[in-house]
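The values are calculated or read from the model by the stated rules, or taken from the named source; none is laboratory data. The shown structure was predicted, so the numbers you read here are calculated from the model rather than taken from an experiment. Cβ coordinates were reconstructed from backbone atoms using ideal geometry, including for glycine residues, and neighbour counts include every protein chain displayed. Protein only, heavy atoms only, side chains kept; ligands, DNA and RNA dropped before computing areas. Shrake-Rupley method; radii C 1.70, N 1.55, O 1.52, S 1.80 Å.
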Amino acid sequence: MINIDFGILNPLEKKIHAALTDQSKYVDTIRITDAAALCNCSVSKISKFTKKLGFTNYKQYLDFLYGRTQLRADHSSELDRLESFIQTFDSQKVRDVAKLIAEKDKLVLLGYGPSYVCAQYFEYRLKTCSNKATIAVPDEWSARTMIDDNSLLLILTVTGSFKSFADIYKDSEEKGGSVALIVEEYTPNLIRQYDKIFCLTREVQSRGLKPYEKNRTLFFIFMEEVIRKLTRMP
């Protein structure tokens, strides 16, 4: 799983990211040694920066920077995808999401189409297993009526390609609320738009499937762990 959080970067690290982002517009690739020279720092600093940001290594960060995906999409069955997800399961991401939910008085779950059905199920689970005020909503208009400075807007999406979340994301932050996305599939373009995103896997489902046709199995596995963690928090 990948958790990209630009909010945890210090000023130097933000300058590194800005410099590499700008450089990527003019060259086809940036070797880590060239990145270090460009940013006037050591290679180890570049490596630590990419890992702090949430990537496994510099190469993965570079794929993100250039919008490349090197995934096994059409070569693995759904069971292979699930097996990979479980084998690489990162409990820290569960703790991170549980902490975000616990910090706010109200949780607003936003999902479109089948993702809304998932949100409804999690609303039911949280209401029966915890005291957290939770509401599932199917669209931005409904979300706007619910969000405030004591709310967390948690967006569920498989690819983020069905509809942009930019407006509701901005509205929620302007009201002082927190926002986070839980995404089934690693989507570089989506990650570039938001600063707190939890990608559950680097593997994707069949490219022949439309977003609403894809299953949401990983949502259920991950969120059940989050709910279990929440019920055990003091």
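The table that follows gives values for the structure above.
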{"item": "Enumerated helices (runs of 4 or more DSSP H) restricted to the stretch 79-178, each holding at least 1 residues that are surrounded by 14 or more Cβ atoms within 10 Å (Cβ to Cβ) and touching a residue at least 60 places away in the same chain (Cβ under 8 Å)", "result": "91-102, 114-129"}
{"item": "Given (1) assigned to a strand (DSSP E or B); (2) aromatic (Phe, Trp, Tyr); (3) over 15 Å from VAL97 (Cβ atoms), index of the condition PHE198 fails", "result": "(3)"}
{"item": "Residue in the stretch 215-226 that is more than 22 Å from GLY54 (Cα to Cα) and either without any contact (Cβ under 8 Å) to a residue 24 or more places away in the chain or among the small types (Gly, Ala, Ser) (or both) present", "result": "no"}
{"item": "Of all residues making up the stretch 133-143, the number that are touching a helix residue (DSSP H, G or I) at 6+ places or on another chain (Cβ under 8 Å) and closer than 19 Å to PHE219 by Cα", "result": "5"}
{"item": "Checklist (1) at pLDDT 85 or above; (2) crowded, with 22+ Cβ neighbours inside 10 Å; (3) in contact with a Lys or Arg (Cβ under 7 Å, 6 or more places away or on another chain) applied to LEU200, failing item", "result": "(3)"}
{"item": "Search result, residues across the stretch 23-54 that are aromatic (Phe, Trp, Tyr) and under 25 Å from the mean Cα position of the chain (by Cα)", "result": "PHE49"}
{"item": "Members of the stretch 203-228 that are closer than 22 Å to SER130 by Cα and crowded, with 18+ Cβ neighbours inside 10 Å", "result": "LEU218, PHE219, PHE222, MET223, VAL226, ILE227"}
{"item": "Scope the stretch 191-226; condition touching a Cys at 6+ places or on another chain (Cβ under 6 Å) and not basic (Lys, Arg); matching residues", "result": "PHE219"}
{"item": "In the stretch 1-48, the residues that are open to solvent by less than 40 Å² (accessible area, probe 1.4 Å), assigned to a helix (DSSP H, G or I) and of a type in the set (Asp, Glu)", "result": "GLU13"}
{"item": "Where a residue in the stretch 49-72 is under 20 Å from LEU12 (Cα atoms) and of a type in the set (S, T, N, Q) and its partner, wherever it lies, is open to solvent by 10 Å² or more (accessible area, probe 1.4 Å) and at pLDDT 85 or above, with Cβ under 6 Å and at least six apart", "result": "THR50/TYR58"}
